[in-house]
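Q: Encoded as structure tokens, here's the structure I'll be asking about.
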Number of protein chains: 4
Amino acid sequence: MMKTAFIGLGVMGFPMAAHLRQAGHEVCVYNRTSARADEWVTRHGGRRADTPAEAAHGADAVFTCVGADADLQQVVLGKGGALAAMRPGAVLVDHTTVSAKIARRLAEEAASKGLLAVDAPVSGGQAGAESGQLAIMCGGSAEAFSAAEPAMQAYAKRIVHVGEAGSGQLAKMVNQIAIAGLVQALSEAVHFAKRAGLDVATVIDAISGGAAQSWQMNNRALTMADGEFDFGFAVKWMRKDLGLTLEEAKSNGARLPVTALVDQFYADVVAMGGERQDTSSLIRRLEK
Amino acid sequence: MMKTAFIGLGVMGFPMAAHLRQAGHEVCVYNRTSARADEWVTRHGGRRADTPAEAAHGADAVFTCVGADADLQQVVLGKGGALAAMRPGAVLVDHTTVSAKIARRLAEEAASKGLLAVDAPVSGGQAGAESGQLAIMCGGSAEAFSAAEPAMQAYAKRIVHVGEAGSGQLAKMVNQIAIAGLVQALSEAVHFAKRAGLDVATVIDAISGGAAQSWQMNNRALTMADGEFDFGFAVKWMRKDLGLTLEEAKSNGARLPVTALVDQFYADVVAMGGERQDTSSLIRRLEK
Amino acid sequence: MMKTAFIGLGVMGFPMAAHLRQAGHEVCVYNRTSARADEWVTRHGGRRADTPAEAAHGADAVFTCVGADADLQQVVLGKGGALAAMRPGAVLVDHTTVSAKIARRLAEEAASKGLLAVDAPVSGGQAGAESGQLAIMCGGSAEAFSAAEPAMQAYAKRIVHVGEAGSGQLAKMVNQIAIAGLVQALSEAVHFAKRAGLDVATVIDAISGGAAQSWQMNNRALTMADGEFDFGFAVKWMRKDLGLTLEEAKSNGARLPVTALVDQFYADVVAMGGERQDTSSLIRRLEK
Amino acid sequence: MMKTAFIGLGVMGFPMAAHLRQAGHEVCVYNRTSARADEWVTRHGGRRADTPAEAAHGADAVFTCVGADADLQQVVLGKGGALAAMRPGAVLVDHTTVSAKIARRLAEEAASKGLLAVDAPVSGGQAGAESGQLAIMCGGSAEAFSAAEPAMQAYAKRIVHVGEAGSGQLAKMVNQIAIAGLVQALSEAVHFAKRAGLDVATVIDAISGGAAQSWQMNNRALTMADGEFDFGFAVKWMRKDLGLTLEEAKSNGARLPVTALVDQFYADVVAMGGERQDTSSLIRRLEK
């Protein structure tokens, strides 16, 4: 069993930290809004710290799951941040979806202090975090990955070591690129089916065994047809992730025409008030 | 066992007719280039006719699998066409991917002569036709579908009655819409992964269990990364199908922005000489 | 002065035929709805015919300005059509925007009968037709162009002989391609300016002297900002023209990604009820 | 005559500062690479400073024309930066194309020190800077604009006060949005014309008097057709500006689908080695 710290108890971090605890690890939590940390301790035991540094002190592994680059920089490198308080040989595991640039920077900062670091963004959403069935894409040295992997088992169904520092974030971007165009394609397909007067369930039944099949088709086509979007992964977060992705593409020279276009279509959804709806709400643009 | 005619022995029709024969049906074939019909008879027995009408004479079911609207009109309604020769109560089953408009017209013409008609485009490609594992999307009356369905079992893994006449074609369009944007999204994802210096197989392994999963990801991501496209469903046919789809969308008012854009991207692939390559060759635009 | 026939008295043809008359030409008109032809004769003199053939009989030049390919084929080649009635050496001038294919076909049919033909689509809209200030793009032989040009001066501010038969239509397509993406760009610019809280008139004043300048910017930016679209060239006709253009691009191998995308955006405008509004109504998609 | 400082002697700043001097103003220059400043002094007289602060000391107006946000922040607010050295009531005029955010921040910093500030991005490119014929879009208070305007006359053909601080930058973004889609539309038009076998000069002659007209059509269509791109405004800078624009759109909620798409198309041009070519090189994507 490991001594761990968990920083960031949002809709993802709260249940993830709980799974760590249930797996028998010692967990000290930190959250910007302390009431949420208190609630976590009340429910799951362990203890809470007043600063990331206090949580990280003496831990074998420090997990972060916050909002974006700036938040991550704050809790890791800022005043009262975790990094300065970590013991030599400990591992920093960041589950936030952030830029590959900051992931590489944290890995360098960690290395300069004799620490290990893994960038480990997840997919599976709130439901996956709660059921402990996340997919985790990891970047970092083999040593860092080995140090982090056993504890992550507490909330993962799949953990893959993709490559060096930053690779976890880059893999997450690949995931979001694949989803963006796919969801738009499925939106157009369902929209066309409705306009053509077809029964959507029957059509999906007819085509979902072949080359058009996707997780989104299996799980979202019918809810899209019915206009149900109050679940899943929010448009707001998708836009954040696509923003990171398009920025990274500027650096590596990748061309992402449909991803960039769909990002603007998601802006249409935001303008329609859909910021907190599932990414499948992309169909709303067409159904007005 | 049924008495059947099969008109059109291209890469799809040739093996489909063979499966009919192997299932014990009587088969009379017709092909524009008669040498191909001779070859079929040499291999599979049965007999060949000199005109669609001759093939259709006395048949319980007449199958067509030709090139496009004009060809279909020719073999069914033209001089020496099948329809005029069919016996009352027989069923016309068209496996060509054509417009919903001509499918509806054939159904009307058939009805006016006391015949049944099913529009029954397939998916699964040449491989599916050869292995007898096609998915078939059917439009027509319940009676027509019931008359056609038993024989189609010879080469299908899935047969769905989608709705009235034309619905098979419309469902095929839904299928192609869903594929077009999805393949572009996957192309961008694989392209980004390569530009980012990731190992594509590892990334796909990491993400293919989640919300980005698709048949295309499972079956094409690695060949796309390796630049292999000499298999599958040709760009040339995809463009034909997308053309039918965009035309239909003008009638029913559906908006297909990414489908229309990807259709133009496929034109880029054609300009690069990729007309006969698999639809996954869409990535070639990005990899120059 | 010439003896002319004018077939098709829509919003364009009605005033164009009037200009011919005012320039001193003899004009016999034909219109599918004969009341409209009667009205024309009442206002402008001349006479009306009961069929295109009757109007064309003995004319030096026959002008057509109808709806689309099928209409043109009807009035020229159909029963009672103009071509068969024309005298040797006469010229057929088609002002309809149609496919280059039918323009070439009419030229061939004309040639086979010892007649001349010019495809001569116009730009300038209803306002240009009324003021006699149209721009005319002509395709056909030098001889045909020379025969047609003097009469067209009655309603043109600019007449250019672009090339052989069909070239007038192709030039019109080039015109519409250039407009489609430009109007979308201007829509995004005006939309952004409003969202950014800028005074649109001031911004346009600041930028319209430079590289962003366009006729559309000079004439439509402020009306777009004010949501005024009840004038100009209707979305319905733009979609017709873009359809012809995208079809032609399939033949000649041109890739038109933004044109295809904007065509779908115009479909959004149609879905919003904007079919009869000016093409600048493209901004409505963004302003909801 | 004013006492001025000019910071940043790139391809724009070098001739702009020279125009100031020729108009009779006192000019002290600063450039990161001092050899360039020495060259300027050798050619135009005046003097050079070792730091932005030294140049700004005692000046009535301080002009900046550097690379991007970070550079601007450095020369204005960084160590040895201009702002701290400026005398009360002096005006800071920034000609760099940067984010509206930093323009607003500089205006605030200036105000807090009793200084005036104008964000004043230009259009007209290197040619306009050399001939003193730039268009300048200004943001800032009326007082700041009045203080800056007389000196700017030295190199402007048009100066417009668009609005409060940041408005100059926002107007420049509007300009770039209008250009991006327009150039793509023109690229498609010229590409189609060539594929259709038309003479591009003749077609442009036929259509440039109407609704498709633009500065780009008048000045770039023929060079695009001839594949000449070694002049004008570089793709590299266009991508920088579009990046700023898309970022700003995230804040103000504007949707820019074609702008985002064309930005990716420009990335195609960069991948083809066109980073330093004129923005009209967008056509190269289609002409391969």
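Here, each number is a calculation from the coordinates, and none is a lab measurement. Quantities reported herein were computed from a predicted structural model and do not represent experimental measurements. Using ideal geometry, Cβ is built from the backbone for each residue, glycine included, and neighbour counts are taken over all protein chains shown.
Q: Let me have the 222 nm mean residue ellipticity of chain D computed from DSSP H runs of 4+ only, each contributing -39500 (n - 2.57), with the sum over all residues rounded to the nearest 500.
A: Details: 13 runs with 151 residues, N = 288.
Using -39500 (n - 2.57) per qualifying helix, the result is -16000 deg cm²/dmol.
Q: Moving on to the next point. Is there a pair in B:LYS250/C:LYS250; B:LYS194/D:LYS172; B:LYS79/B:LYS236 whose C-alpha atoms are over 26 Å apart, and which pairs would that be?
A: Numbers: B:LYS250/C:LYS250 17 Å; B:LYS194/D:LYS172 35 Å; B:LYS79/B:LYS236 29 Å.
Long pairs (Cα-Cα over 26 Å): B:LYS194/D:LYS172; B:LYS79/B:LYS236.
Q: Using a label point 7 Å beyond Cα on the Cα-Cβ vector, give me the inter-copy distances for A:ALA35 in nanometres, one decimal, shortest first.
A: The answer, with the shortest distance listed first, is 6.4, 7.3, 8.4 nm.
Q: Round to the nearest 10 and give me the degree value, 0 to 90, for the angle of helix C:167-195's Cα axis relative to the longest principal axis of chain C.
A: That works out to roughly 20 degrees.
Q: How would you rank A:SER99, D:SER281, going from fewest to most other Cβ atoms within 10 Å of each one's own Cβ? Before the final figure, lay out each step's value.
A: On the way: A:SER99 22, D:SER281 30.
Listing A:SER99, D:SER281 from fewest to most nearby Cβ atoms yields A:SER99, D:SER281.
Q: For chain A, find the longest principal axis of its Cα atoms and tell me its angle to the long axis of helix A:100-112, 0 to 90°, nearest 10.
A: With rounding to tens, the tilt is 10 degrees.
Q: So what is the relative contact order of segment C:170-287, in percent, for Cα pairs below 8 Å that sit 6 or more residues apart?
A: Details: 120 pairs, mean separation 45.0, N = 118.
Once normalised by length, the contact order is 38 percent.
Q: Working from Cα positions, state the angle (0 to 90°, nearest 10) between the long axis of helix A:215-226 and the longest principal axis of chain A.
A: 60 degrees
Q: Enter the mean projected area of the convex hull around the alpha-carbon atoms of segment A:71-145, in nm², rounded to one decimal. Write down the numbers at each step before the final one.
A: Details: hull surface 20.9 nm².
Seen from a random direction, the Cα hull of segment A:71-145 projects 5.2 nm² on average.
Q: Can I get the semi-axes of chain C's equivalent ellipsoid? Compute them from the C-alpha gyration tensor as square roots of 5 times the eigenvalues, in angstrom, largest first.
A: Details: eigenvalues 267, 79, 56 Å².
Sorted largest first and rounded, they come to 37, 20, 17 Å.
Q: Give the relative contact order (percent, whole number) for chain B; include only Cα pairs under 8 Å separated by 6+ residues. Spell out each step's value before the answer.
A: Details: 542 pairs, mean separation 39.0, N = 288.
For chain B, the relative contact order is 14 percent.
Q: Quick check on the protein assembly as shown: of the DSSP beta bridges with both residues there, what percent are antiparallel, nearest 5%?
A: On the way: 18 of 118 bridges.
In the protein assembly as shown, approximately 15 percent of DSSP beta bridges are antiparallel ones.
Q: A further question follows. Taking the label point 7 Å from Cα in the Cβ direction, how far apart in nm is A:ALA84 from each other copy of itself, listed shortest first?
A: Copy-to-copy label distances for A:ALA84: 2.4, 9.4, 9.7 nm.
Q: Return the aspartates and glutamates within reach of B:LYS288: Cα separation strictly under 14 angstrom, same-chain partners fewer than 8 residues apart disregarded; answer none if there are no such residues.
A: Filter leaves B:GLU188, B:ASP226, B:ASP268, D:ASP268, D:GLU287.
Q: Something else now. Starting from the Cα of B:LYS3, draw a straight line to each of the lysines and keep only those under 17 Å, dropping any in the same chain fewer than 8 residues away.
A: none
Q: Now for a separate question. Over all residues in D:265-272, what is the mean tally of Cβ atoms on other chains that come within 10 Å of each residue's Cβ? Each step should come with its number before you reach the end.
A: Values: counts 5, 1, 10, 5, 1, 3, 7, 1.
Whole-number average of other-chain Cβ neighbours for D:265-272 is 4.
Q: Something else: What FRET efficiency comes out for the pair A:ASP38/A:GLU109, r = Cβ-Cβ distance, R0 = 41 Å, nearest 0.05? Walk me through the numbers before you get to the answer.
A: On the way: r = 30 Å, r/R0 = 0.74.
Efficiency for this residue pair is about 0.85.
Q: On average, how many beta carbons from a partner chain sit within 10 Å of the beta carbon of a residue in C:125-137?
A: Details: counts 2, 0, 0, 2, 0, 0, 0, 0, 2, 1, 7, 1, 7.
Across the residues of C:125-137, the mean count of other-chain Cβ atoms within 10 Å is 2.
Q: Fewest first, what order do C:LEU116, C:LEU182, C:LEU222 take by the number of other Cβ atoms within 10 Å?
A: Working: C:LEU116 23, C:LEU182 31, C:LEU222 14.
Taking fewest neighbouring Cβ atoms as first place, the list is C:LEU222, C:LEU116, C:LEU182.
Q: So for segment C:170-287, Kirkwood radius off the Cα pairs, Stokes-Einstein at 20 °C and 1.002 mPa s: how many µm² s⁻¹?
A: Numbers: Rh = 14.6 Å.
Calculated translational D: 147 µm²/s.
Q: Taking neighbour Cβ counts within 10 Å as the exposure measure, how do B:ILE207, B:ILE283 sort from fewest upward?
A: Details: B:ILE207 28, B:ILE283 24.
Result, fewest neighbours first: B:ILE283, B:ILE207.
Q: Ok, one more. Residues of C:158-168, mean number of Cβ from any other protein chain within 10 Å of their own Cβ, rounded to a whole number?
A: Values: counts 6, 1, 7, 2, 9, 6, 2, 0, 3, 8, 1.
Across the residues of C:158-168, the mean count of other-chain Cβ atoms within 10 Å is 4.
Q: If we count every other residue with Cβ under 10 angstrom of D:ALA18's Cβ, Lys/Arg +1 and Asp/Glu -1, where does the sum land?
A: Working: positive: D:ARG21, D:ARG43; negative: D:GLU130.
Within the 10 Å Cβ shell, the charges total +1.
Q: Run through the DSSP bridge list for segment D:3-164 and note the antiparallel percent, rounded to the nearest 5. Mind dumping the intermediate values first?
A: Details: 3 of 28 bridges.
Counting DSSP beta bridges with both partners in segment D:3-164, the antiparallel share is about 10 percent.
Q: What's the whole-number percent of alpha carbon pairs in the protein assembly as shown lying beyond 62 angstrom?
A: Numbers: 115385 of 662976 pairs.
Distances greater than 62 Å cover 17 percent of the Cα pairs.
Q: Additional query: By the gyration tensor of its Cα atoms, with a ≥ b ≥ c the square roots of the eigenvalues, what is the shape of segment D:1-111: rounded for a/c under 1.5, prolate for a/b over b/c, or oblate?
A: The shape class here is prolate.
Q: B:ALA68 label points, 7 Å along Cα→Cβ, one per copy: pairwise distances from this copy to the rest in nm, shortest first?
A: Its label point is 1.8, 4.7, 4.9 nm from the equivalent points in the other copies.
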